[in-house]
Amino acid sequence: MVDLPSAVQAHVVACCLATRAPAWLLVHQDGRFQAGQGALERYGLAGLQSACEIESQVPCLQGLWPFTGTPCYLPALEILTGTFADIHLFAEHTDVWVLFLDATAQVVQQRRLQQKANEMRWLQDHYWVTIGQRLGHADLQSPVHALREALTTLALLTQTLEALDMVVFERMPDGALQLTSTAPAWFINVCPEAATPRDGLQPGSVFPVLGPFLQEAEAFWARQGTGRYTSLPWSLGDAMAQEYSLEASALCCGKHQLLCLVPVPRPRCPGVSAS
């Protein structure tokens, strides 16, 4: 074991542990809870009953008792809705220490990076085809030329989406809509759960008024319609009483079926518009 000076140990605790809301449980090797301390409420661990089985009180620890003595690490478990933790278990004599460290920020960052990767993927698919049609077959024989054109176009389009405050969902094969763009401030204001990206965030649930439009969008996607199918604008407010006027559009981008949500300054008529 590395023998760290006390000043270094204090710094590690302050920078790497204290900022992650640590909480610990002391459990007998046979699974009976003994004691706990730290940010227990953060993980839903307040009020645990002493001398009772830990598995019946903390679902995420089920199946780990009797503890074998081998240290165990469980990364990024969702303890409560929207709350993730890294869990460390290690034995000391006949007791087991269970350490919880908040991992929510890391999970959110990872999901945002994945969303950006998804966004770039479908943009690349579409604009690679567009670039190929514009440059012609001969120019595409130069991979460096084609890649430079693709990256330039993708960077420009990404900046355009951000400037337009647009939210993009992609329809998955099972019919669910998956958020593939970053969430602008207005979307987080009206849909706070978007601040913690997760699978299952469905625009039809966030905006019930979209129900009829989404049914029509399904038909549009099924026939691989050209142009885009646009909803009537609708208005709603956030928790700060800020009013927004929003519009939804369904479109087909190559093999990708997309739903775009964007703020609009004035109402527009529904229907298919040329592109």
Just name the residue that is nearest to the chain's Cα centre (by Cα) out of those in segment 53-100 that are polar (S, T, N, Q) and under 14 Å from Asp30 (Cβ atoms).
Ser56
Identify, from the list Cys72, Cys52, the residue that is surrounded by fewer than 17 Cβ atoms within 10 Å (Cβ to Cβ), modelled with pLDDT under 95, in contact with a Leu (Cβ under 8 Å, 6 or more places away or on another chain) and not aromatic (Phe, Trp, Tyr).
Cys72
Exception for Gly44 within (1) of a type outside the set (A, V, I, L, M); (2) touching a Phe, Trp or Tyr at 6+ places or on another chain (Cβ under 7 Å); (3) surrounded by fewer than 17 Cβ atoms within 10 Å (Cβ to Cβ) falls at (2)
Based on what the data block shows, is Ser181 at pLDDT below 80 and either in contact with a Lys or Arg (Cβ under 7 Å, 6 or more places away or on another chain) or crowded, with 18+ Cβ neighbours inside 10 Å (or both)?
yes
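The values are calculated or read from the model by the stated rules, or taken from the named source; none is laboratory data. Everything numeric here is computed off the predicted structure, so don't read it as measured data. Virtual Cβ from ideal backbone geometry, glycine too; neighbours counted across all protein chains shown.
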